[in-house]
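The values are calculated or read from the model by the stated rules, or taken from the named source; none is laboratory data. Since we're looking at a predicted model, the values are computed, not measured. Here the Cβ positions follow ideal geometry from the backbone for every residue, glycine too, while neighbour counts run over all protein chains shown.
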Ligand SMILES: Nc1ncnc2c1ncn2[C@@H]1O[C@H](COP(=O)(O)OP(=O)(O)OP(=O)(O)O)[C@@H](O)[C@H]1O
Ligand SMILES: [Mg+2]
């Protein structure tokens with residue numbers, strides 16, 4: 001398939017400037033990045049360097065101020081709100097603070113992206129249970145987020161991110177809010193997904209050790225890519 | 001996102017804040033209940049009055065009165081004015097012959113003189129309205145002018161009178177005061193001379209009317225006392241009459257218009273010619289105004305409820321900013337976010353309107369019962385007690401209108417918060433603490 005040659009992410013001189021009142025904050029100052037299908041990339045950098053900003057752009061949550069960002073070959077700068085929403089359905093995003101919907105139980109949280117993408121009730125229920133089984137939480141599927149530990153919530157968030165069979169998974173500090181034992185569990189799960197299901201992974205972290213679990217490390221410093229190396 | 005899933009999601013959001021949703025819904029309930037109660041009572045009243053008027057006024061009947069007499073003064077059931085207008089114009093009993101020749105469409109004419117007075121025996125005294133009519137012609141025009149006991153004497157003796165059923169049986173409880181043949185004193189206070197004097201003559205009850213129910217202008221009344229026209233003229237010392245009833249051979253609009261105009265012209269426009277259709281349309285107009293007024297007041301309370309909805313939605317929007325960010329990050333379209341928020345208010349509006357309609361109807365029934373407790377049979381009552389048995393009426397229009405209005409107001413006031421929610425940018429919403 002020719003699609004194989006299209007990188008899942010292609011950033012060309014991407015800049016992002018936030019306006020803080022009248023003061024412009026340059027969060028990204030011209031980023032060039034190419035992520036191929038099946039890659040496992042760690043984005044490493046100090047706080048405030050622009051990691052989350054970059055991840056949000058790749059997740060189609062925001063548009064670059066300038067430059068070109070292609071997701072699966074599509075320039076997101078040219079998409080309208082509806083098209084961006086459609087694109088997001090096929091991107092798995094795992095947030096730093098889990099961001100589960102508190103009033104929904106684990107299964108309903110995992111079903112949510114599928115109900116957004118118009119999948120029928122029976123099918124999404126089945127898939128949600130399968131996904132929760134994959135992340136080892138089948139027994140907890142009727143629990144609300146508040147009744148789950150941080151690591152468990154993070155795994156529900158991963159299951160949710162996988163709901164619509166995304167080409168790639170974006171994780172913003174997936175282990176930032178869990179202990180090291182849980183962190184290595186979560187990382188094991190991510191590696192398994194990457195190896196067995198060939199899901200491309202882009203993971204933001206500022207933990208060197210964790211970053212080295214990936215097969216590629218991209219270092220961000222002050223809104224620019226300072227290093228791009230094989231781990 | 002599918003409609004049913006949008007609805008489920010809206011519902012789960014409402015369930016989370018039960019008390020808040022309940023209070024918001026209460027606002028809608030009160031507004032809708034007020035609207036439904038007021039409208040079903042006034043519509044019931046209108047239906048009752050219209051029904052009663054229809055009994056008393058057939059479509060092919062015209063009523064001719066001196067212009068300024070109008071409906072004022074005497075009113076529907078009580079004694080009508082003095083028969084003379086402020087301009088000095090008067091209708092006379094013998095004008096009937098003149099009117100009868102005006103059009104071949106005229107079937108019959110009858111003059112009515114009415115005066116207040118009282119009837120009495122040794123153990124009975126009652127204020128009544130006397131109606132002087134030609135018994136034969138009056139009975140022809142009004143089939144309800146029919147005796148239940150005794151008979152309508154045709155031609156009547158000078159001293160014979162006919163009384164309405166409630167004159168005979170004021171309590172409507174079976175206690176009757178007269179049987180045909182009984183003597184009765186007919187009195188009035190003659191104020192045309194100074195000092196006024198009490199004038200009385202002794203009459204005989206020839207018949208008691210069947211129950212008429214309702215009332216109409218000119219038509220037989222349960223509280224009326226009917227005296228032969230000749231006797232009335234001599235007793236009250238007048239040739240003037242209060243109204244002339246004209247019946248037509250048909251009730252076509254053109255006939256009604258043409259004859260009305262011919263009569264008005266004949267008396268140089270100093271008479272008012274009332275067609276029953278005109279009375280009914282006047283009644284409809286009056287009631288529409290009343291309903292608009294009362295409905296408007298009630299609607300204001302619903303608007304207040306709408307503001308409550310808007311307030312709650314804005315609070316909810318702020319509380320759930322992060323949630324909206326998550327939904328959008330998961331690929332939810334703006335219009336689905338809009339639908340979720342509107343869905344919440346539609347649910348509140350639907351529940352509020354449904355409960356409100358039920359409550360309003362219950363309220364109308366209770367109020368009608370309280371108002372009607374002085375009356376004895378539903379739908380029909382006398383006009384002396386002042387109490388009407390109102391059967392509240394909930395028309396499909398009011399029912400659907402209330403439902404639509406409740407839901408509509410809920411939607412309109414939720415539009416702005418819902419729109420704002422839908423316009424949130426996912427990154428901004430996710431950063432919101
Ligand atoms: N919405 C925004 N408005 C204004 N400034 C912003 C906004 N988002 C990010 N920034 C700024 O852009 C810069 C990069 O922020 P970003 O969140 O990408 O950093 P980060 O590398 O993810 O840091 P951390 O490791 O602490 O999460 C920071 O200086 C931040 O203050
Ligand atoms: Mg960050």
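Under the condition of being assigned to a helix (DSSP H, G or I) and surrounded by fewer than 22 Cβ atoms within 10 Å (Cβ to Cβ), the residues counted in segment B:14-35 number 11. Under the condition of being more than 18 Å from the chain's Cα centre (by Cα) and within 14 Å of ligand 1 (Cβ to nearest atom), the residues counted in segment A:32-46 number 1. Among residues that are within 13 Å of chain B (Cβ to nearest Cβ), more than 13 Å from the chain's Cα centre (by Cα) and within 23 Å of residue B:320 (Cα to Cα), residue A:105 is included. The single residue among A:67, A:59, A:50 that is away from ligand 2 (no atom under 16 Å from the Cβ) and either over 30 Å from residue A:143 (Cβ atoms) or touching a strand residue (DSSP E or B) at 6+ places or on another chain (Cβ under 6 Å) (or both) turns out to be A:67. Mind listing whichever residues of segment A:161-207 are within 16 Å of ligand 2 (Cβ to nearest atom) and either out of contact with any helix residue (DSSP H, G or I) (no Cβ under 6 Å at 6 or more places or on another chain) or under 25 Å from residue A:114 (Cβ atoms) (or both)? Correct list: A:170, A:171, A:172, A:173, A:174, A:176, A:202, A:203, A:206, A:207.
Residues of segment B:304-345 being more than 14 Å from chain A (Cβ to nearest Cβ) and either in contact with a helix residue (DSSP H, G or I) (Cβ under 6 Å, 6 or more places away or on another chain) or at positive phi (or both), which ones? Listed by number, the residues that qualify are B:305, B:306, B:308, B:309, B:310, B:312, B:313, B:314, B:317, B:341, B:342, B:345.
Please give the strands (runs of 3 or more DSSP E) falling wholly within segment A:1-81 in which 3 or more residues are out of contact with any helix residue (DSSP H, G or I) (no Cβ under 9 Å at 6 or more places or on another chain) and within 14 Å of another protein chain (Cβ to nearest Cβ). Let's see the steps before the verdict.
Numbers: elements: A:9-20, A:23-35, A:40-44, A:66-71.
Qualifying strands (runs of 3 or more DSSP E): A:9-20.
Each residue in segment A:101-114 was checked for being free of Cβ contacts under 8 Å to residues at least 40 places away in the same chain and surrounded by 24 or more Cβ atoms within 10 Å (Cβ to Cβ), and 0 of them qualify. Would you call residue A:97 within 13 Å of another protein chain (Cβ to nearest Cβ), within 12 Å of the chain's Cα centre (by Cα) and under 25 Å from residue A:221 (Cβ atoms)? So residue A:97 fails the test. Residue pairs whose Cβ atoms lie under 9 Å apart, sitting 6 or more positions apart in sequence or on different chains, and linking a residue in segment A:10-26 that is touching a residue at least 60 places away in the same chain (Cβ under 8 Å) and farther than 14 Å from residue A:224 by Cβ to a partner that is more than 12 Å from ligand 1 (Cβ to nearest atom) and not in a strand (DSSP E or B), are A:10/A:73.
For segment B:69-118, the set of residues classified as modelled with pLDDT of 85 or more, surrounded by fewer than 17 Cβ atoms within 10 Å (Cβ to Cβ) and within 28 Å of residue B:187 (Cβ to Cβ) consists of B:92, B:94, B:116, listed by residue number.
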